[in-house]
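The values are calculated or read from the model by the stated rules, or taken from the named source; none is laboratory data. Note that the coordinates shown come from a computational prediction; the quantities given were computed from them, not determined experimentally. Positions of Cβ are backbone-derived with ideal geometry, glycine not excepted, and every protein chain shown enters the neighbour counts.
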Amino acid sequence: MPQLSLAGKGLVGIAGRWSRRAAGGMLDLLLPPRCLACTAVIDQPGGLCADCWRDMPFLEPPWCARYGTPFSHDIGKDALSPRAIAEPPVFDRARAATHYSGPARDLVLALKFSRRRELAGPMGRWMVRAGREFLGENSVIVPVPLHRFRLWQRRFNQAADLARAVAELSGGTYVPTLLHRKRRTRQQVGLDAAARQKNVRGAFAIREDLEGFVYGKQVALVDDVLTTGATVSACTKILKSAGAAGVDVLTFANADPAGVLE
């Protein structure tokens with residue numbers, strides 16, 4: 001069989017690239033990229049239209065050093081909100097990319113209930129930006145787990161999809177099965193803070209074969225939304241009891257039940 005020359009191989013490579021570009025261009029004509037949060041046509045896939053970008057409630061510093069809720073003005077490094085002073089969390093820091101409203105809420109609901117799993121990548125990109133204080137190659141990235149029955153019902157864990165994206169983008173170590181739910185709990189939606197804490201008390205554990213893995217590690221605990229913090233606090237207690245050096249919480253959205261956000 002005749003061998004292609006280097007020049008011939010180069011021509012084949014160029015032709016292949018042009019073919020892929022032409023196919024991609026044809027696909028864009030047939031199925032133009034659309035905004036992640038609405039149906040508007042946009043220039044590039046994986047982004048937001050101008051209106052949704054304007055309305056996306058991104059969170060930015062200055063913010064509370066513990067809860068990550070923004071201040072109206074800068075009051076100094078490591079400043080704490082009244083909530084953090086009155087109710088110090090068991091986790092070290094919480095950070096979220098957005099407030100749970102507008103297009104951000106639409107993205108959370110689409111990922112969780114409409115199974116739009118392709119959203120985890122872009123959402124994870126914004127989360128990495130929010131968690132840049134503590135994310136890195138030495139981070140252990142752990143999702144808040146679903147009970148196996150709920151996982152069977154939903155077919156996937158949105159927190160795990162987000163955690164995987166965060167790990168890939170930050171260089172951290174993704175450990176999806178470090179935590180598991182020992183028992184099935186009620187849905188947290190509609191429960192007040194006290195009921196949420198009671199609902200998840202004793203619900204989580206570390207897998208026996210991974211108990212030694214967390215010792216001395218900095219853990220980033222990932223979920224889609226931070227509400228009262230009851231679930232992530234229950235997980236944090238288990239991780240710290242296993243010897244984690246620290247536990248930070250990273251979510252896509254902060255629902256802010258305490259009303260700190262404006």
Could you list, ordered by first residue, the pairs with Cβ atoms under 8 Å in which the first is in the stretch 63-86 and farther than 20 Å from Gly131 by Cβ and among the hydrophobic types (A, V, I, L, M, F, W, C) and the second is at pLDDT below 90 and in a helix (DSSP H, G or I), at least 6 apart or interchain? none
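From Val128, Val140, Val108, grab the single residue that is β-branched (Val, Ile, Thr), within 23 Å of Ala205 (Cβ to Cβ) and modelled with pLDDT of 95 or more. Talk me through it step by step, then tell me what you get.
On the way: Val128 fails: within 23 Å of Ala205 (Cβ to Cβ); Val108 fails: within 23 Å of Ala205 (Cβ to Cβ).
Sole residue among the options that is β-branched (Val, Ile, Thr), within 23 Å of Ala205 (Cβ to Cβ) and modelled with pLDDT of 95 or more: Val140.
Does any residue of the stretch 112-120 turn out to be outside any loop (DSSP other than H, G, I, E, B), among the small types (Gly, Ala, Ser), over 21 Å from Asp256 (Cβ atoms) and within 10 Å of the chain's Cα centre (by Cα)? Spell out the reasoning first.
To start, the set of residues in the stretch 112-120 that are outside any loop (DSSP other than H, G, I, E, B) comprises 112-113, 117-120.
Subset that is among the small types (Gly, Ala, Ser): 120.
With the extra rule that they be over 21 Å from Asp256 (Cβ atoms), the set shrinks to 120.
The next check asks that each one be within 10 Å of the chain's Cα centre (by Cα); those that pass are 120.
Scanning the stretch 112-120 turns up at least one residue that is outside any loop (DSSP other than H, G, I, E, B), among the small types (Gly, Ala, Ser), over 21 Å from Asp256 (Cβ atoms) and within 10 Å of the chain's Cα centre (by Cα).
Assess whether Phe91 counts as being without any contact (Cβ under 8 Å) to a residue 12 or more places away in the chain, surrounded by 14 or more Cβ atoms within 10 Å (Cβ to Cβ) and in contact with a strand residue (DSSP E or B) (Cβ under 7 Å, 6 or more places away or on another chain). Reasoning before the result, please.
Details: without any contact (Cβ under 8 Å) to a residue 12 or more places away in the chain: no; surrounded by 14 or more Cβ atoms within 10 Å (Cβ to Cβ): yes; in contact with a strand residue (DSSP E or B) (Cβ under 7 Å, 6 or more places away or on another chain): yes.
Here the answer is no, as Phe91 does not meet what is asked.
When the residues of the stretch 171-192 are filtered to those that are within 25 Å of Leu109 (Cβ to Cβ) and surrounded by 14 or more Cβ atoms within 10 Å (Cβ to Cβ), which remaining residue is modelled with the highest pLDDT? If you could, list the steps in order and put the result at the bottom.
Within the stretch 171-192, the first condition is being within 25 Å of Leu109 (Cβ to Cβ), and the residues that meet it are 174, 176, 179, 181, 184-192.
When the remaining residues are screened for being surrounded by 14 or more Cβ atoms within 10 Å (Cβ to Cβ), the result is 174, 176, 179, 181, 185, 188, 191.
Values: Tyr174: 97, Pro176: 94, Leu179: 94, Arg181: 84, Thr185: 61, Gln188: 54, Leu191: 55.
Among those residues, the one meeting the criterion is Tyr174.
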So how many residues does the stretch 193-234 have that are modelled with pLDDT of 90 or more and over 22 Å from Val108 (Cβ atoms)? 7
Regarding the stretch 146-167, can at least one residue be identified that is more than 18 Å from Asn254 (Cα to Cα), in contact with a Gly (Cβ under 9 Å, 6 or more places away or on another chain), surrounded by 14 or more Cβ atoms within 10 Å (Cβ to Cβ) and polar (S, T, N, Q)? no
